[in-house]
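Encoded as C-alpha cells, the structure appears first; notes follow it.
The values are calculated or read from the model by the stated rules, or taken from the named source; none is laboratory data. A quick note: this is a predicted structure, and the numbers were derived from the prediction, not measured. Neighbour counts are summed over all protein chains in view; Cβ atoms, including those assigned to glycine, are modelled from backbone coordinates with ideal geometry. To get the accessible areas, we keep the full protein, side chains included, count just its heavy atoms, and leave off ligands, DNA and RNA. Shrake-Rupley method; radii C 1.70, N 1.55, O 1.52, S 1.80 Å.
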Amino acid sequence: MPADSISGFFCVVAREASLDMKLLYNEEGAPFDIVSLLSFINEFTKELGIKDVLIDDHLCEGILNGMRQDFPHVDGMEKASAFKKMANFMAYFIAEQPIKNPFPKDIIGAELANIPNHQSSMVAFALAVECLHNAKIHRSGGDVVLEKRIALSRHSYIDLMHSLSVITPRDHYQLLTVLLEQLAYKVNPDCQYKMFEM
C-alpha cells in the first residue's frame, strides 16, 4: 500500500450531515446512528478506493441497539466518557463482524489483508478516531477538548489491527477504553490526568 494512503485510515471525507449531528450515540437513538454508521463506512471505503463492500445492515442495527443496552459503565451510557462509548461500540462492531468481505490486498497491503476480520477492525478504529477528534472530556476541574487527532505509525497500526481483530465486549471493553485514552492523550498531553511514575 502506498505510504501516502495511510492518511485515508484516519482522515475521512467530511460528512454532508449537519455539523451538530454526532456520528454515534445520538439522542434520537439507533435509527440516527445507523445512517451515520453506514455513511461513515461508505466514505471510509471510498477514500481507500474500495468499491464493493458487503455490509449486513440488519446486523449493524443490532450492534447499535445492543451497545446501548446494559452499557458497561457504572453510571450508564449517559455519563460515560467518549472513550468508554467508543470502546463499547468498537468491541461490539468488531466481534459481530458486519462487514462481510475482506478488503482487497492490492489496496490495503498484504500485512493488513492477512489479518482475519481486518475490515471490521479498520472501520471501527477509524470511526473511533473520528469521534474522539475534538471530543469534549468532562473533568471535575473543567472540560478539556481533544484537539489533535490520534496518530500512529504504520507498524503500530498493523499491530493494533492484529490485536483488535479478536476482541469481544465482555472481555476487552475496559482494556480498549484505556487504550483509546492513552492514544488520545499521547497527542493531547494537556488533557490527561496527572501522571505518576510506576
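Does the range 169-186 hold any residues that are touching a residue at least 40 places away in the same chain (Cβ under 8 Å) and either more than 24 Å from P72 (Cα to Cα) or open to solvent by less than 20 Å² (accessible area, probe 1.4 Å) (or both), and which are they?
Y173, L176, T177, L180, A184
Suppose we keep only residues that are among the small types (G, A, S) and assigned to a helix (DSSP H, G or I) within the range 80-95. Which one would you say is nearest to T177 (Cα to Cα)?
Of everything passing the filter in the range 80-95, A87 is nearest to T177 (Cα to Cα).
Among the candidates V74, V129, which residue alone is among the β-branched types (V, I, T) and under 16 Å from the mean Cα position of the chain (by Cα)? So that I can check it myself, show each step before the final result.
Values: V74 fails: under 16 Å from the mean Cα position of the chain (by Cα).
It is V129.
Would you check which residues across the range 137-151 are at pLDDT 90 or above and touching a strand residue (DSSP E or B) at 6+ places or on another chain (Cβ under 6 Å) and list them?
V144, V145
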